[in-house]
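Undergrad: One structure follows; several queries about it will come next.
Rule-based calculations on the coordinates, nothing more; no lab input. Everything numeric in this text was worked out from a predicted model, so none of it was measured. Neighbour counts are summed over all protein chains in view; Cβ atoms, including those assigned to glycine, are modelled from backbone coordinates with ideal geometry.
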Amino acid sequence: MPELFASLPLRDLEAPNRLAVSPMCQYSCETDGLPTEWHRVHLGSRAVGGAGIVMTEATAVEPRGRITPHDLGIWSDEHAAALEAITRFIREQGAVPGIQLAHAGHKASKTRPWDGNVPIQPDETDPDGASGWEVLSPSPEAYPPFDGDRPAMRRADRNDIRGVIDAYRAAAERSLEAGFEIAEVHAAHGYLLHEFCSPVTNDREDEYGGSFENRTRLVREVVEAVREVWPDDKPVFVRISGTDWLEDRESWDIDQSVRLARDLSDLGVDLIDVSSSGIHPDQQVPAGPNFQVPLAEAIREGSDAAVGAVGGVTDPAQADALVRNGRADLVLVGRQFLRDPYFGLRAAAELESDADAKWPVQYRRAVR
Ligand code: FNR
């Protein structure tokens, strides 16, 4: 079995190691979805810090797909041009820049976490004066009671669905122009694509609701659109919620996730990034070290897809063991990379005999 610092072949791309920065919203744009100096320093320092793959935060494919008015977006050429400086720097550090393409569905138009994470109605503003908007939902009647307040919702009709697919396709084209080498479709955490997949939030009676086939139609159509424009020599990832963690009702579970992973593999998806939860506030999430790894393992065993494990990884030896023991092909680390932007360098110093070669020349006097 490979180890954490073995390279990861992904089509013609080779990630230098199997440690990735997990996508993490920074809510640090003005209100135009354009990256700021914060994004440049935040993503750039983690590339310096030894991650093999640096994934952007959830990046909205259209303005109403933002969680908050301050999220990153990629719905115009201006966005692609602004992101290019960031991808160039990441590549210069020897890391691979990835972009998470997202649509927040009915969890959009919220205030930032530090402002309460509550819906902003279309006639309201957040504390910075940014307006809310009407959000898109598969089934407004099935909206789970998040935060007490219901957002202003629009039931996605055929035109909306077509628009979402087109927005993903255009966003993938722009991501390529911006220099990204991995496109990750965000289909987890209770956002739009997961909302269609889960029976908790989808009670539609058209071809996008009901059966497994129908509920997963939108994510498959989005992946097909992305694959259409994303070059054959570059990988596509999909982040899914492996389970809704809701035992007491019909919901999305690991068996459906394995089945979806097989379908997505057939459509040219290279890696399933296995997270969980986010669909309903009643979820019972067993948080702790490696808490989502069994979901990743089940998908790895049940499909041809490579898998990324994420959740509760804080220690280099722990990350290394996940790869060595064949439990995951890639380890994504979130909060530990916020505590320590140089987590990858520390991991190399702890695990590798040739750590010097893995550190930036500018920092080498500090390896040991
Ligand atoms: C996240 N997470 C997340 N996930 C995602 O798919 N897209 C996103 O934009 C975000 N945003 C985000 C912001 C912040 C501040 C945190 C802490 C988390 C989830 C994240 O990628 C990861 O899956 C979880 O944090 C679990 O991994 P860790 O933190 O235990 O390593």
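Undergrad: Do you know which residues across segment 1-42 are among the aliphatic types (A, V, I, L, M) and within 13 Å of the ligand (Cβ to nearest atom)? Talk me through it step by step, then tell me what you get.
TA: Going through segment 1-42, the residues among the aliphatic types (A, V, I, L, M) turn out to be 1, 4, 6, 8, 10, 13, 15, 19-21, 24, 34, 41.
Of everything in segment 1-42, those that are among the aliphatic types (A, V, I, L, M) and within 13 Å of the ligand (Cβ to nearest atom) turn out to be 19, 20, 21, 24.
Undergrad: Can you spot a residue in segment 265-287 that is part of a helix (DSSP H, G or I), within 19 Å of the chain's Cα centre (by Cα) and farther than 20 Å from residue 343 by Cβ?
TA: Taking every residue of segment 265-287 in turn, at least one turns out to be part of a helix (DSSP H, G or I), within 19 Å of the chain's Cα centre (by Cα) and farther than 20 Å from residue 343 by Cβ.
Undergrad: Of all residues being assigned to a loop (DSSP other than H, G, I, E, B) and away from the ligand (no atom under 13 Å from the Cβ) in segment 43-66, which is surrounded by the fewest Cβ atoms within 10 Å (Cβ to Cβ)? Just the residue, please. Give the steps one after another, and end with the answer.
TA: The first filter runs over segment 43-66 and keeps only residues assigned to a loop (DSSP other than H, G, I, E, B), leaving 49-52, 61-62, 66.
Now restrict to residues that are away from the ligand (no atom under 13 Å from the Cβ): 49-50, 52, 61-62.
Details: 49: 24, 50: 27, 52: 24, 61: 31, 62: 20.
Checking each candidate, the answer is 62.
Undergrad: For segment 270-284, check the following and say yes or no: at least one residue is within 14 Å of the ligand (Cβ to nearest atom), farther than 24 Å from residue 9 by Cβ, of a type in the set (D, E, K, R) and surrounded by fewer than 22 Cβ atoms within 10 Å (Cβ to Cβ).
TA: Looking through segment 270-284, none of the residues is within 14 Å of the ligand (Cβ to nearest atom), farther than 24 Å from residue 9 by Cβ, of a type in the set (D, E, K, R) and surrounded by fewer than 22 Cβ atoms within 10 Å (Cβ to Cβ).
Undergrad: Here is a further query. Which pairs turn up if I take residues in segment 299-316 that are away from the ligand (no atom under 15 Å from the Cβ) and look for partners that are among the polar types (S, T, N, Q) with beta carbon separation below 8 Å, at least 6 apart in sequence or on another chain?
TA: Listed by first residue and then by second, the contacts come to 299/257; 303/265; 304/265; 305/265.
Undergrad: I would also like to ask the following. Out of everything in segment 207-241 that is free of Cβ contacts under 8 Å to residues at least 40 places away in the same chain and not basic (Lys, Arg), what residue ends up being surrounded by the fewest Cβ atoms within 10 Å (Cβ to Cβ)? Step through it out loud before you land on a result.
TA: Residues of segment 207-241 that are free of Cβ contacts under 8 Å to residues at least 40 places away in the same chain, as a first pass: 207, 210-211, 213-215, 217.
Pick out the ones that are also not basic (Lys, Arg) and you get 207, 210-211, 213-214.
On the way: 207: 13, 210: 14, 211: 9, 213: 11, 214: 16.
Among residues in segment 207-241 that are free of Cβ contacts under 8 Å to residues at least 40 places away in the same chain and not basic (Lys, Arg), the one surrounded by the fewest Cβ atoms within 10 Å (Cβ to Cβ) is 211.
Undergrad: State the number of residues belonging to segment 320-366 that are within 15 Å of the ligand (Cβ to nearest atom), in a helix (DSSP H, G or I) and either in contact with a strand residue (DSSP E or B) (Cβ under 8 Å, 6 or more places away or on another chain) or among the hydroxyl-bearing types (Ser, Thr, Tyr) (or both).
TA: 5
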